[in-house]
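> One structure, pasted below without further comment.
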Amino acid sequence: MSKDQKLVGCQGCRVSRRGFLAAGCAAACAGATGLLLPARYAHAAEQGKKTIRVIYSLHAEVQPGPDWPNVGYDFRPVMDKFDGALSGAFPNMSFIRSLATGKEQAEKILADDNTAANIDGYIVFQMNCWNPVVQTIATSGKPVLYADYQFAGSGGFLVYSAGFLRNATPNVGFVASSRMDDLLAAARCFESVGSANEFAAATAKVRLDCTAKAGDLSCLPDSLKALGAAECIERVKASRILAVRDQQSGAAPDFAGVPVHRVGFAELNDAWMKADKDEAREVADRWEQNATVVLDVPRKVIEDSAAMYLAQKQVMARYDANAITINCLGGFYGNHIHAYPCLGFHELCNEGLIGACECDIASTATMVTFSHLAKGRPGYISDPVMDSSKRQIIYAHCVASNRAFGPKGEKNPYEILTHSEDRQGASVRSVLPVGYMTTTMQLSNDRKEILFHQGKAVANDPDDRACRTKICAEPVGDFDKLFTQWDKWGWHRVTFYGDLKQPVFALADAMGYKVVEEA
């Protein structure tokens, strides 16, 4: 029997597994396609027991490169924990563990199952974000339970689950909870459901039953008075986004009325190299002195980040721009820029300007538009995570302002830490205020739509997995409906402090846009 795959369940074995990371590790995982249990073991389960194949969709058992949750993350004890919980809860079922990095491995699993194993259903854990495994397993026609390992696979999980909901895939149910009992309650549907075509509906009922009840949504007072729609539109037209995606430069199409100009990496990097070193040291001093924690980030990295902040401001001034968004990871890993822009984005947002991650123009335009509407309050771009056990959506990213109420508003504590996914550079954990209403949005230029939901900020999650800043909110409205839009809108959302519902609807009317309420 391969060491990478063994029966778990009544046999109670501990196991190990392997995988890959994206393009750079594909070759290392070529052998993973063969990690299927031989037929004699697949039939070793006691007669009358259902056999469920548990597939972990991930790069490798110990993560070799940057991605959620983080480089070096050891999935082995996590998988052991899930296997042990399943085998302990369901002694009348047998569980077979497999690993798959993508479509090819998933197809091999199904092909071998069709010829060699009597499999009654599947559990697919999304352990890294974008490994496309569950889509292939869904074509088996057998019951499939799809589970998020939170702060690890959540992006792909949300996007892929929304696709199953949109296509009304009857044999695929899902669970997004940090509570093990909720996973087990969903897995019990393998025993209780007679037909695979009833599985999605059965698990949806279980998910709703297990979702935490709504809490007290009354919020602390907030004196925000939004800008009028007409004036907001005029300020949007007078704005400009600089998009640093690659080496190209020049004019680009507007996005939702916001002018966009492209700037090459070389121009930004040149400004970084020429930044005043004494001024950069002064900025670094201020950041270190004001931070409550500086952990694992060398002084030189902070000074380099400060020089990048000065470079961003210099290039923005050159083009009369009030917003900049940078393909940070592509630029850094491609050796086109030599410092992460995270701390610079943090400082820009504190000043009433816009610094936005990943050259995401849609999110940057959302930040520009609604920062004007909210009279200078900064938007917080994030990769959200859903947790039904707490009835929370957690907005996670490695950049955030610590002036949620605007440049003249009250400060909140922040920490300077490494960028989470690769444990390099410098980024920010902002411990954002709780007890306030927040408004979360995203703009679609093509569809002329504004995606919209609100939530009460209730906590900051310090989990070391995934991005550093994690503000938790209890959504206003239908929690389960929040699973439906990710395939259409993508993963990013932009959150503002304040109740902006009426101003957003008024602005949408003035722009000729439709508001899509996702909760």
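> Can you confirm whether segment 107-118 contains a residue that is touching a strand residue (DSSP E or B) at 6+ places or on another chain (Cβ under 9 Å) and under 28 Å from R179 (Cα atoms)?
No: zero hits.
> Residues being part of a loop (DSSP other than H, G, I, E, B), closer than 19 Å to E191 by Cβ and either open to solvent by less than 10 Å² (accessible area, probe 1.4 Å) or aromatic (F, W, Y) (or both): count how many of those fall in segment 116-160.
1
> I'd like the full set of residues that are surrounded by fewer than 22 Cβ atoms within 10 Å (Cβ to Cβ) and in a helix (DSSP H, G or I), limited to segment 317-344.
Residues satisfying the conditions are A317, R318, L329, G330, F332, Y333.
> Cβ-Cβ under 6 Å, sequence separation 6+ or interchain: first residue in segment 108-124 and basic (K, R), partner open to solvent by less than 40 Å² (accessible area, probe 1.4 Å). Which pairs?
If the second residue must be open to solvent by less than 40 Å² (accessible area, probe 1.4 Å), the pairs left are K108/T33.
> Next question, about the same structure. Between a first residue in segment 84-107 that is at pLDDT 95 or above and a second residue that is open to solvent by 40 Å² or more (accessible area, probe 1.4 Å) and assigned to a helix (DSSP H, G or I), which pairs have beta carbons less than 7 Å apart while being 6 or more apart in sequence or on different chains?
These pairs meet every condition: A85/M180.
> Further, regarding this structure: Select from segment 52-83 the residues that are open to solvent by 40 Å² or more (accessible area, probe 1.4 Å) and small (G, A, S) and list them in ascending order.
Within segment 52-83, just G72 meets the criteria.
> Given the options A426, A356, A365, name the one that is open to solvent by less than 10 Å² (accessible area, probe 1.4 Å), assigned to a strand (DSSP E or B), out of contact with any His (no Cβ under 9 Å at 6 or more places or on another chain) and more than 29 Å from K213 (Cβ to Cβ). Give the steps one after another, and end with the answer.
Numbers: A426 fails: out of contact with any His (no Cβ under 9 Å at 6 or more places or on another chain); A365 fails: assigned to a strand (DSSP E or B).
Result of the check over A426, A356, A365: A356.
> Another question, if that's okay. For segment 469-519, enumerate the residues that are surrounded by fewer than 18 Cβ atoms within 10 Å (Cβ to Cβ) and either among the basic types (K, R) or farther than 27 Å from C129 by Cβ (or both).
Matches in segment 469-519: K481, K488, K501, Q502, F505, A506, D509, A510, G512, K514, V515.
> Can you tell me which of I354, I361, I302 is touching a helix residue (DSSP H, G or I) at 6+ places or on another chain (Cβ under 8 Å) and over 24 Å from G409 (Cα atoms)?
On the way: I354 fails: over 24 Å from G409 (Cα atoms); I361 fails: touching a helix residue (DSSP H, G or I) at 6+ places or on another chain (Cβ under 8 Å).
Criteria check complete, one pass: I302.
> Considering S389, S401, which residue is of a type in the set (S, T, Y), within 30 Å of S305 (Cα to Cα) and assigned to a loop (DSSP other than H, G, I, E, B)?
Numbers: S389 fails: within 30 Å of S305 (Cα to Cα).
Matching residue, one of S389, S401: S401.
The values are calculated or read from the model by the stated rules, or taken from the named source; none is laboratory data. Just so it is clear, the structure is predicted and the values come from calculations on it, not from any experiment. Don't worry about glycine lacking a Cβ; one is built from the backbone with ideal geometry, like all the others, and counts go over all protein chains shown. Ligands, DNA and RNA are excluded from the accessible area calculation, which covers all protein heavy atoms including side chains. Shrake-Rupley method; radii C 1.70, N 1.55, O 1.52, S 1.80 Å.
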